[in-house]
Amino acid sequence: MKTMLFSFLRTVRDSLRDLAPVILVIGFFQLVVIRQPLPEGIDLLDLVTGLIYVVVGLSLFIKGLQIGLFPIGENLAREFANKGSMLWLFAFAFALGFGSTVAEPALIAVANKAAEVVAEGGLIEHTVAAQEQFAFTLRMVVAASVGTAVCVGVLRILTGWPLHYMIIGGYVIALTLTMFAPEEIIGIAYDSGGVTTSTITVPLVTALGVGLATAIKGRNPMLDGFGLIAFASVMPIIFVLAFGLIGV
């Protein structure tokens, strides 16, 4: 029990250290540059309480990944590889990419804001229902793209195909679609590629890649186990641009 407590306290310490630059930047510009009172309804107690929630929540999240999700992700990848069940391996890879992306807080925030902007731009009706539908559809498109990206990454690990050629090919497709997609969707598409590689998706997808590369004979976890995140960055761009061409 004491060991777990000390381990969690170390995680809290690390979270405080990681958040310190953000806190210092916000504090500097608020106190030195802006020099304005806090927004109405927010006081110092609210800020301190919010900071405590963020630190504790982030620490619990990281500890949960370390204890449970990361090890089980590696173990499942190894078991699927050892059993030689390619169908279940790809099904697991897609489900992992899809599920982790749907739960990504950054994607939820971007999708909601994108729905507001698209409505203001006249691409969809300016109603709450239309915006909610667009945000939900965008999240599903991005989640499907990450699931597909993880499957492509797994295929690369199995076959040993060069990573750089596949990444270059992905961005060539993205740039080609950019020339034809509606202007309103281009920025959303490229931002979607960034928000998918965040707190939930990255640890789980990395665990899958490393576990799979460890289990397959002739694969090096350092050389072959990484790279799935790169696919998870470019594939949402392609999917959202295509969604802009045919779905908005």
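Some observations on this one:
- Scanning the chain for long hydrophobic helices, with DSSP H runs required to stretch 15 angstrom or more by C-alpha along their axis and to average at least 1.6 on the Kyte-Doolittle scale, returns 44-64, 86-102, 201-215, 228-246.
- Residues of segment 172-195 with amide N under 13 Å of the 7 Å Cα→Cβ point at residue 117: 183-195
- Along the chain, the longest continuous region that contains none of the GluC sites (Glu not before Pro) in a DSSP loop with at most 15 other C-beta atoms within 10 Å is 126-248.
- Environment charge at residue 109 (Cβ cut-off 12 Å; Lys +1, Arg +1, Asp -1, Glu -1): -1
- Sum of side-chain charges, residue 217 neighbourhood, beta-carbon under 13 Å (Lys, Arg +1; Asp, Glu -1): +1
- Charged side chains reduced to their Cβ positions (Lys and Arg at +1, Asp and Glu at -1) give the chain a dipole of some 1200 debye around its Cα centre.
- Given the alternatives (1) 177; (2) 140; (3) 121, volume of the Cα convex hull per residue in Å³ as computed for this entry is given by (1).
- Top of 145, 15, 192 by mean-square fluctuation, Gaussian network on the chain, Cα under 10 Å: 15
- Residue 45-residue 3 FRET efficiency (beta carbon distance; Förster radius 41 Å; 0.05 resolution): 0.75
- The spacing between segment 1-48 and segment 177-237, judged by their C-alpha centroids, is 30 Å.
- Computed from the Cα positions only, the extents of segment 1-139 along the three principal axes stand at 63, 54, 22 Å, in decreasing order.
- Sites residue 103 and residue 35, calculated FRET efficiency, Cβ-Cβ separation with R0 35 Å, nearest 0.05: 0.35
- Residue 87 accessible area, assembled protein chains, probe 1.4 Å, Å²: 140
- Taking amide H positions as modeled 1.01 Å from N, with prolines and chain starts lacking one, no residue 5 or more places away or on another chain lies under 5 Å from residue 225.
The values are calculated or read from the model by the stated rules, or taken from the named source; none is laboratory data. Please read these numbers as outputs of a predicted model, since none were measured by experiment. Cβ sites come from the backbone with ideal geometry, for glycine too, and all protein chains shown count toward neighbours. These area figures cover heavy atoms from the full protein model, side chains too; ligands, DNA and RNA do not enter into them. Shrake-Rupley method; radii C 1.70, N 1.55, O 1.52, S 1.80 Å.
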